[in-house]
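Worksheet: the structure to be examined is printed underneath.
The values are calculated or read from the model by the stated rules, or taken from the named source; none is laboratory data. Computed from a predicted structure; not experimentally measured. All Cβ positions, even for glycine, are placed from backbone atoms using ideal geometry, and neighbour counts span all protein chains on display.
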Amino acid sequence: MSATLIRNVRRLDPLAGTDSVGDLAFRNGVIVDPAQGAFDEVIDGIGHWLLPGIVDLCARTRDPGATQKGTMRSESNAAFASGITALCLPPDTRPVIDNTAVVIRVNRIAKAAGGAYVYMLGALTKGLEGEALAEISALKSAGCVGVTNGLTPVANALVARRALEYAASLGMTVHVVPLDAALANHGCAHEGAVATRLGLASIPVAAEAVAMRQWISLVEDTGARVHFGRLSSARGVELLAAAKARGLPITADVAAHQLFLTDAALEGFNALAHVIPPLRSADDRTALREAVGSGLIGAICSDHQPHELDAKTNPLPLTEPGISAVETLLPLGLRLVHDGLLSPLALAERLVHGPVQVLGLPGRGLAIGAAADLCLVDPAREWRLDAAGMKSVGRNTPFIGEAFRGRATRVWRG
Amino acid sequence: MSDTLQLTSAGRLRHLLSIEGLSKPLLTEILDTAEQFADHRNSRGKKFPLLHGKTVVNLFFEASTRTRMTFELAAKRLSADVLNLQIAASSTSKGETLLDTLKTMEAMQVDMFVIRHEASGAAHFFAQHAAPEVAILNAGDGRHAHPTQALLDMFTIRRHRPDFSKLTVAIVGDILHSRVARSDIHALRILGAREIRVVGPRTLIPAGIEDMGVTVFNDLDSGLKGADVIMLLRLQKERMVGAFLPSTGEFHRDFGLTRARLAKLPPEVLVMHPGPINRGVEIEGDVAYSERSLILEQVEHGIAVRMAVMAMILGDTGATS
């Protein structure tokens, strides 16, 4: 039971499409008229931005199954403290989220953990093995907001086509990380001069393009809704643009680190930059940034993959891929604003509205009566990311030691 | 990155991880030092007391006979105590990490690790985690680097063709999987070779190799035209799996150095191979030990070059005589 008034704050409402300075109040988790009633807490919002809580389209909490890397409590609270009030958990937990019992179990763990609200993607195939369909209808009933096979491949185009048909008949979006497994061939770096010089097994851009072409062809056949997650290349952006121009029901996101880093981050065998899909060339990064700027890519996610120290303590090819990223999602997003690529409102669209649309959730805005899922941002706050200060169990990020401008200062879940 | 890791603040060798990042004077100094060891070996006794009381451990995670032998001989001729450890990849998967292995050995007061590992970047990894008084010598990491092989190759070339600026060098074969090729390319570039070519089918030429300062040829005859030195690489037989090549026979037909091909080139052209050779694959058997082949010289020089590197790192001597 509390009532809070934030005065003179820059309100970024991606649902209404408005950017205005004024007051905003909420009482008992619901946004109310700031002109009425008394408030327990009054916050001076001058110089601050207020947006609906961020929805992260892909964050692994490692729980259940790999709690040495992170727990639901540590990761959902790390996300929450960084402005993310809801995250979407892919099904590659242990056990895999491919039946309602696991959904119920994860929900229970998430509820006890507090922090960000946890949405789940169900497995597209049983055990994520790529062969037999998971019980998608049951998963939907249990609350899954989409289905995916994650980074594990579907056996063949026939299984993929049937999975799309089946999911489409249930109105479920299929999330696809486009990466052809044969072309990726267990590589650990973008195919190019850096991987060649360092002698790293490489993943060509074609691994993304071939997979996207196949899924796009199947969308043409089935009309199913597909969301491409974690795009990494300029050719991927081109394919997305062409598919959307033809009116296909396709959306896409990009991991925030892809908008800042290139394969040059691997120099010196930096295992912290080992991520799948790999960091690619500067041209790829430019294309991804332009697509985020134009809205072609409608969502930015963290692709959070926390690891214990040992997972990254090895020669680079033997390390586990992934970046601990929930704590840098908003700060990197703010860099896009500082770089002039996005307006503050457009950033709120990429972090909140785009993800909400992909997941088919109710819109998140700042209107009176809406849930007070809120993120207060000080866009000018200067700070440095140091490992000891991280809330995630995983300190595996190539951004350690970097200076940032802007971060979430208060976060509320309605 | 490798240059900051492998050099001291004064620019001396602290580890040897990669040829990349070495200056021309330092690289030349290694070759000059090796020259002294090579000379001395013939005239006076074989042993030098430079590393007396030092312990060198050959830590090989990948099978090797000749490279390990030459490192062992080099260390022994410098009077070091030498320990050879061949560790199957499986034993490190029994719960002990690579780092555990390193730290366990370090506790035994080892001065230098000579490391070979199948993962690119392994030597860098060890150097990053090694105690300050421990040196790492890279004896081959994945596809990345094999710096002492490149040094002995340069040593061998220099004995026959002292002026690198006049040389066109063709490196032929499986460039994609070759740490030798990468290290040779760096070394040749640092020493100012006129032209460095890589020759092979496109399946065995890695993307973006041009950025290392080489010209790519997919045809052997044009790649060898005008070359002064031909460096052949070993073709692993398992490359037939994974569709890199249809057969060793077809590779030999298109990229093998045959007596007939060699006959078409000027007589002063030098032929090199890091060994062990695949007769009838990258090289026709009798070419390997012909008068134009430097293959056995390469093996011999391997010892002097490795002595030079060990002496410069552990003895910290600019000149050893």
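Of A:GLY223, A:GLY143, A:GLY199, which residue is out of contact with any strand residue (DSSP E or B) (no Cβ under 8 Å at 6 or more places or on another chain) and either modelled with pLDDT under 95 or at positive phi (or both)?
Unique residue meeting the criteria: A:GLY223.
Got a sec? Which of B:GLU118, B:GLU96 is of a type in the set (Asp, Glu), more than 30 Å from B:SER9 (Cβ to Cβ) and within 11 Å of chain A (Cβ to nearest Cβ)?
Unique residue meeting the criteria: B:GLU118.
For the structure I just gave you, tell me whether A:ALA189 is crowded, with 22+ Cβ neighbours inside 10 Å, facing another protein chain (nearest Cβ under 10 Å), in contact (Cβ under 8 Å) with a residue 12 or more places away in the chain and within 16 Å of A:ILE276 (Cβ to Cβ).
yes
So which residues in segment A:205-221 are surrounded by fewer than 21 Cβ atoms within 10 Å (Cβ to Cβ) and either polar (S, T, N, Q) or within 14 Å of chain B (Cβ to nearest Cβ) (or both), if there are any at all?
A:ALA206, A:GLN214, A:SER217
In this structure, is B:GLU210 charged (D, E, K, R), farther than 13 Å from B:ILE283 by Cβ, away from chain A (no Cβ under 14 Å) and part of a helix (DSSP H, G or I)?
Criteria not met by B:GLU210.
Can you confirm whether A:LEU309 is among the aliphatic types (A, V, I, L, M), over 22 Å from A:CYS58 (Cα atoms) and either surrounded by fewer than 21 Cβ atoms within 10 Å (Cβ to Cβ) or in contact with a Ser or Thr (Cβ under 6 Å, 6 or more places away or on another chain) (or both)?
Values: among the aliphatic types (A, V, I, L, M): yes; over 22 Å from A:CYS58 (Cα atoms): no; either surrounded by fewer than 21 Cβ atoms within 10 Å (Cβ to Cβ) or in contact with a Ser or Thr (Cβ under 6 Å, 6 or more places away or on another chain) (or both): yes.
No, not satisfied.
Is there a residue in segment B:147-170 that is within 14 Å of chain A (Cβ to nearest Cβ), among the hydrophobic types (A, V, I, L, M, F, W, C), more than 29 Å from B:MET310 (Cβ to Cβ) and crowded, with 21+ Cβ neighbours inside 10 Å?
No, every residue in segment B:147-170 fails to be within 14 Å of chain A (Cβ to nearest Cβ), among the hydrophobic types (A, V, I, L, M, F, W, C), more than 29 Å from B:MET310 (Cβ to Cβ) and crowded, with 21+ Cβ neighbours inside 10 Å.
Condition check ((1) hydrophobic (A, V, I, L, M, F, W, C); (2) at pLDDT below 95) across all residues:
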site: B:ASP228; (1), (2): no, no
site: B:LEU233; (1), (2): yes, no
site: B:GLU238; (1), (2): no, yes
site: B:ARG253; (1), (2): no, no
site: B:LEU270; (1), (2): yes, no
site: B:VAL287; (1), (2): yes, yes
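Restricting attention to segment A:84-121, report how many residues are within 16 Å of the chain's Cα centre (by Cα) and not in a loop (DSSP other than H, G, I, E, B).
So the count comes out to 10.
Residue by residue, here is whether (1) assigned to a loop (DSSP other than H, G, I, E, B); (2) within 15 Å of A:SER82 (Cα to Cα); (3) touching a residue at least 12 places away in the same chain (Cβ under 8 Å) holds:
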{"site": "A:LEU341", "(1), (2), (3)": "yes, no, yes"}
{"site": "A:LEU345", "(1), (2), (3)": "no, no, yes"}
{"site": "A:ALA348", "(1), (2), (3)": "no, yes, yes"}
{"site": "A:LEU351", "(1), (2), (3)": "no, yes, yes"}
{"site": "A:VAL358", "(1), (2), (3)": "no, no, yes"}
{"site": "A:LEU376", "(1), (2), (3)": "no, yes, yes"}
{"site": "A:ALA380", "(1), (2), (3)": "no, no, yes"}
{"site": "A:TRP383", "(1), (2), (3)": "no, yes, yes"}
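Go through (1) surrounded by fewer than 24 Cβ atoms within 10 Å (Cβ to Cβ); (2) touching a helix residue (DSSP H, G or I) at 6+ places or on another chain (Cβ under 7 Å); (3) assigned by TED's automatic domain parsing to the domain that holds B:ARG12; (4) not hydrophobic (A, V, I, L, M, F, W, C) and name the single condition B:ASP141 misses.
All conditions are met except number (1).
Residue check: is B:GLN128 on the phi > 0 side of the Ramachandran plot and surrounded by fewer than 24 Cβ atoms within 10 Å (Cβ to Cβ)?
Judged against the criteria, B:GLN128 is not a match.
Which ones in segment A:288-298 are surrounded by fewer than 21 Cβ atoms within 10 Å (Cβ to Cβ), outside any loop (DSSP other than H, G, I, E, B) and in contact (Cβ under 8 Å) with a residue 24 or more places away in the chain?
A:ARG289, A:GLU290, A:GLY293 - these are the residues of segment A:288-298 that are surrounded by fewer than 21 Cβ atoms within 10 Å (Cβ to Cβ), outside any loop (DSSP other than H, G, I, E, B) and in contact (Cβ under 8 Å) with a residue 24 or more places away in the chain.
Out of the residues in segment B:130-142 that are in contact (Cβ under 8 Å) with a residue 12 or more places away in the chain, over 11 Å from the mean Cα position of the chain (by Cα) and more than 13 Å from A:PHE269 (Cα to Cα), which is farthest from the other protein chains (Cβ to nearest Cβ)?
Once the filter is applied, the top-ranked residue is B:GLU133.
For the list (1) within 14 Å of chain A (Cβ to nearest Cβ); (2) farther than 22 Å from B:MET310 by Cβ; (3) buried (at least 24 other Cβ atoms within 10 Å of the Cβ), I need the number of the one condition that B:GLY173 fails.
Here B:GLY173 clears every test but (1).
Here is a check on your reading of the model: is B:ARG44 surrounded by fewer than 17 Cβ atoms within 10 Å (Cβ to Cβ), touching a Gly at 6+ places or on another chain (Cβ under 7 Å) and either modelled with pLDDT under 95 or in the same structural domain as B:ASP184 (by TED's automatic domain parsing) (or both)?
Here the answer is no, as B:ARG44 does not meet what is asked.
Go through the residues of segment A:312-323 one by one and say whether even a single one is out of contact with any helix residue (DSSP H, G or I) (no Cβ under 7 Å at 6 or more places or on another chain), assigned to a helix (DSSP H, G or I) and crowded, with 20+ Cβ neighbours inside 10 Å.
Checking segment A:312-323: at least one residue is out of contact with any helix residue (DSSP H, G or I) (no Cβ under 7 Å at 6 or more places or on another chain), assigned to a helix (DSSP H, G or I) and crowded, with 20+ Cβ neighbours inside 10 Å.
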